[in-house]
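The next block holds one structure in the form of structure tokens; read it before the comments.
Derivation of every value follows stated rules applied to the coordinates shown; laboratory data play no part. Owing to the predicted nature of the structure, the values given are computational and were not obtained by experimental measurement. Ideal geometry is used to build each Cβ from the backbone, glycine not excepted, and the neighbour counts take in all protein chains shown.
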Amino acid sequence: MFYTNGWVHPLTPYTRNSKLNFPSPISGTQLTADYRDWAVLTLEGKVGEDTGQYAKPISRFLYERSHDVSEQGRLWCFGYVAESANVKAWYDVTLPFLVSKEKEVNIRSWSAELISAANGAAEALTGQVKSAWLSEEKLKSIKSPTQKKTLKNYFSGFEQSFWRRSENDFYSVMERLFQLPANQRQAPPEIYQFWEETIRTLAFDLFDTWALESPAEDADMKRIIKARNELKKQLNTNKAMKTLRDKSSDGKEGK
């Protein structure tokens, strides 16, 4: 939440931009179904071009109280979305709190690599499902802002499904990484291989399901095959995905 004159709400994470006098609150994307916000909410570091800051209770737990508990616990995040002072939605979610001050640098670096690759896969998947469903002529015919917004919201549901389906695997991987010694800077190669294969397989599985569910009158197998090949190409050439393959045990190319 934003307050004037630089007052910082203790329950809100913030970013600091060198060009601004006061910190800015970090807004969640869609906390009920998305682990992209996990690193922003539980770790300190870069958020885009800015420097992220914990909410104050997290900082206190991490640096003053974490040694008092035997387990890492969970972080409860909540808040509402408002537009012109009208409340539109309430979000409420608990996230695993897998961090310690000794391991924070490692966890931040590793999670950023995994989330970046997943984001690339999710964007490629959504774009190619759209290409499989709609011809270029159909896309060009959608001109009104209302139609474009409706289409964008519709296909964003596909992307959210990808994040939901990969969430358990992400936290499972992060749990494995958290168990590594604090002085181990390089994650095991098999971690990168597992994650690259997981999100790649999921992207193709979801594409195959959704592409064949397009309206019968719009179904075009040639267009669907072309979109699937383009999805494969994008997954192979995406920089974050290539980083995973380079760090995996065999550095193999995409399937």
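Could you please report the charge total around ARG36, scoring K, R as +1 and D, E as -1 over all other residues with beta-carbon less than 11 angstrom from its beta-carbon? Provide the component values of the computation, followed by the final result.
On the way: positive: none; negative: ASP34, ASP37, GLU159, GLU167.
That sum, taken over residues with Cβ under 11 Å, equals -4.
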Links exceeding 21 Å between C-alpha atoms in this model, out of LYS19/LYS239; LYS140/LYS232; LYS88/LYS140; LYS130/LYS152; LYS130/LYS226, come to LYS19/LYS239; LYS140/LYS232; LYS88/LYS140
Rounded to one decimal in nm, the spacing of the 7 Å Cα→Cβ label points at ASP220 and GLN184 is 5.1 nm
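Which trypsin sites (Lys or Arg not before Pro) from the range 124-171 combine a DSSP loop assignment with at most 15 other Cβ atoms within 10 Å? Present the calculation step by step, with values, prior to reporting the outcome.
On the way: sites: LYS130, LYS138, LYS140, LYS143, LYS148, LYS149, LYS152, ARG164, ARG165; in loops: LYS143.
Within the range 124-171, the qualifying trypsin sites (Lys or Arg not before Pro) (loop, at most 15 other Cβ atoms within 10 Å) are LYS143.
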